[in-house]
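Data block below; observations after.
The values are calculated or read from the model by the stated rules, or taken from the named source; none is laboratory data. These figures come from a predicted structure and were not determined experimentally. Cβ atoms come from the backbone with ideal geometry, glycine included; neighbour counts cover every protein chain shown. Heads up: the accessible areas ignore ligands, DNA and RNA and are worked out on the full protein's heavy atoms, side chains in. Shrake-Rupley method; radii C 1.70, N 1.55, O 1.52, S 1.80 Å.
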Amino acid sequence: MLQSDVNLERLSGSLMYMKASPMFAGYFTNTHTFNGNIQYRLSKKISVMATYTQDAKNFERDTLLLVSTLTGNTYNMGYSISICRMDLSC
């Protein structure tokens, strides 16, 4: 597993990559995962955040009924905008 975090005055972000071989004994057997997020603070009360996740798991061994029929890679992307009201602390 590799992980990196960056925190600057207005910009923060993180990256994480995990790889487990087929010989790894555990839930993450034969898994590749990449996750990254970035947040930019426009002002004290407004920030913008983006997230990206790429996941390839060994679904054949998954014991969750609804997930076990899925195969291949899963990609997720998202963003968030936060605006704080004046009477609340952020």
Problem set entry | Karplus-derived HN-Hα couplings along region 11-23 (A = 6.51, B = -1.76, C = 1.60, θ = phi - 60°), whole Hz, x at Gly and Pro | 10, 9, x, 8, 10, 9, 10, 10, 9, 10, 6, x, 7
Exercise. To the nearest 10 square angstrom, what accessible area does LEU8 show with a 1.4 Å probe?
Worked result: 100
For this session: Sticking with the crude label model, points 7 Å out along Cα→Cβ, report the distance from TYR79 to ILE38 in nm, one decimal please.
Result: 1.2
Exercise. Quick one: ranking ILE83, ILE38 by accessible area, 1.4 Å probe, largest first, what do you get?
Worked result: ILE83, ILE38
Exercise. Hey, got a sec? Which trypsin sites (Lys or Arg not before Pro) in region 1-52 land in a DSSP loop and have at most 15 other Cβ atoms within 10 Å?
Worked result: ARG10, LYS44, LYS45
